[in-house]
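For reference, the structure discussed in these notes is given below.
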Amino acid sequence: MRDHLKVLSLLLTVVVVMVTAREFDGKSSLSVPPGDCEVVAVSEGTPIGSEIYVFRLPSFVSNVTVVSPGEGALEDWGVRVDSDSGQVIAIGRLDREVRDWIQIDAFITDYSTVDAEPQSVSVCLNITDENDCAPEWTMQPYPYLAAVSPDAPPGTTVYQLTAHDADLHPNNVFSYYEFAGRSQYFQLDATNGTITTRGHPLVAGQEYDITVMAQDTAGNQSPRVTVSILAGRRPPQFYQEQYSVDVYENQPVGTIVLTVQAKSFADLPITYSFLSMGVADPAFSLNGSTGAMSVVRPLSYDTMPHTSYLNVLATEQGFDGMASIMQVSRLIVDFLDLLTSMK
Ligand SMILES: [Ca+2]
Ligand SMILES: [Ca+2]
């Protein structure tokens with residue numbers, strides 16, 4: 001009676017030419033307020049082996065014992081405390097973008113005095129920023145596509161570049177540069193990343209590729225990427241080439257298992273629908289305006305086909321002929337088999 005453990009797995013594949021969107025993996029600061037402790041600023045660029053801090057020991061027969069964090073955790077964060085000398089040493093890279101405060105709680109025991117109680121001490125290392133991060137692109141979807149009317153007037157916005165630099169100000173200040181491309185037709189604003197037309201007539205149906213880069217003030221560079229600008233209309237672009245989601249067969253009717261989305265290059269609303277190609281899957285419905293795919297009847301691993309294919313159509317409202325098709329392959333997996341194969 002472990003049917004509820006069985007899962008349905010959904011796999012969606014976009015058949016128009018697309019690549020999976022590049023995930024933004026910008027580092028985030030985990031700033032926490034220090035507790036009751038002595039605050040010491042330490043640069044994340046501190047060389048390995050450097051002394052960061054010294055716990056003051058009352059006599060040469062005293063030592064310091066770290067209470068928190070555990071020794072393994074502290075070493076994972078690039079810090080070690082020498083029990084005999086009281087020295088706090090950088091033994092690895094101190095990455096502010098991962099952890100900007102390290103609180104060390106310890107006690108000092110003085111063995112020169114028989115009756116002395118261990119003394120509690122705390123130091124909070126405030127990891128300060130270095131310019132060690134490059135800007136990372138945050139545009140979606142990928143590949144970076146645009147469309148513009150061939151006779152667009154000068155200054156028409158074609159595409160908006162966006163990027164994120166995980167450093168703190170001013171180390172996160174960067175500019176956009178055109179590395180190669182069609183600068184006689186398009187202009188890139190170095191500060192705000194907007195690509196606009198210059199007003200030169202464009203050839204209808206032609207793709208204009210522009211390769212761009214973002215670079216911060218220390219010279220840290222983003223990857224170079226290409227924006228393809230089509231002179232004309234472009235059909236909607238799905239935000240992902242492929243979706244994968246596990247659906248438990250005991251998920252109730254009404255559960256949204258997946259939401260598909262596409263971008264309109266004409267800023268028009270998009271309507272989503274299943275195309276009746278292949279075998280219809282009566283277990284799911286698609287919300288025409290949101291792209292949400294929901295369970296509409298009870299799921300059963302035992303009685304439903306384990307794999308079926310669906311096609312999703314994204315159509316621009318008010319603009320006939322501009323539509324994209326995404327093929328959905330739905331795979332049902334027995335969760336018990338999955339557990340066995342993972343062992
Ligand atoms: Ca930076
Ligand atoms: Ca940094």
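A few remarks follow.
- Beta-bridge orientation, the stretch 38-128: approximately 75 percent antiparallel, per DSSP, counting only bridges with both partners inside.
- Computed over all pairs of different Cα atoms, the Kirkwood value for the hydrodynamic radius of the stretch 136-231 is 13.7 Å.
- Ordering 212, 61, 257, 98 from the fewest to the most neighbouring beta carbons within 10 Å gives 61, 98, 257, 212.
- Proximity of backbone amide H atoms, modeled 1.01 Å from N, is registered between residue 103 and 125 at under 5 Å, excluding neighbours fewer than 5 places apart on the same chain.
- Listed values for the stretch 44-54 are Karplus-derived 3J(HN,Hα) couplings in whole Hz (6.51 cos²θ - 1.76 cosθ + 1.60, θ = phi - 60°), namely 5, x, 4, x, 4, x, 6, 7, 8, 6, 10, and x replaces Gly and Pro.
- A cut-off of 5 Å between modelled amide H atoms, ignoring neighbours fewer than 5 places along the same chain, links residue 144 with 228.
- Compactness of the stretch 38-128 was expressed as the Cα radius of gyration divided by 2.2 N^0.38 Å, which yields 1.09.
- Volume of the convex hull of the stretch 223-264 (Cα atoms only), normalised per residue: 109 Å³.
- Phi-based couplings in Hz for the stretch 159-164 (Karplus 6.51, -1.76, 1.60; Gly and Pro marked x): 7, 10, 6, 9, 8, 9
- Each Lys and Arg Cβ is given +1 and each Asp and Glu Cβ -1; about its Cα centre, the stretch 201-279 then shows a dipole of about 260 debye.
- Between residue 116 and residue 95, the contour length at 0.36 nm per residue exceeds the alpha carbon distance by 3.8 nm.
- Summarising the label geometry, the points placed 7 Å from Cα in the beta-carbon direction at residue 297 and residue 54 lie 7.9 nm from one another.
Every read-out reported here was derived from the displayed coordinates using simple, explicitly stated rules and does not represent laboratory data. Note that the structure is a prediction, hence the values are computed from the model and not measured. Virtual Cβ from ideal backbone geometry, glycine too; neighbours counted across all protein chains shown.
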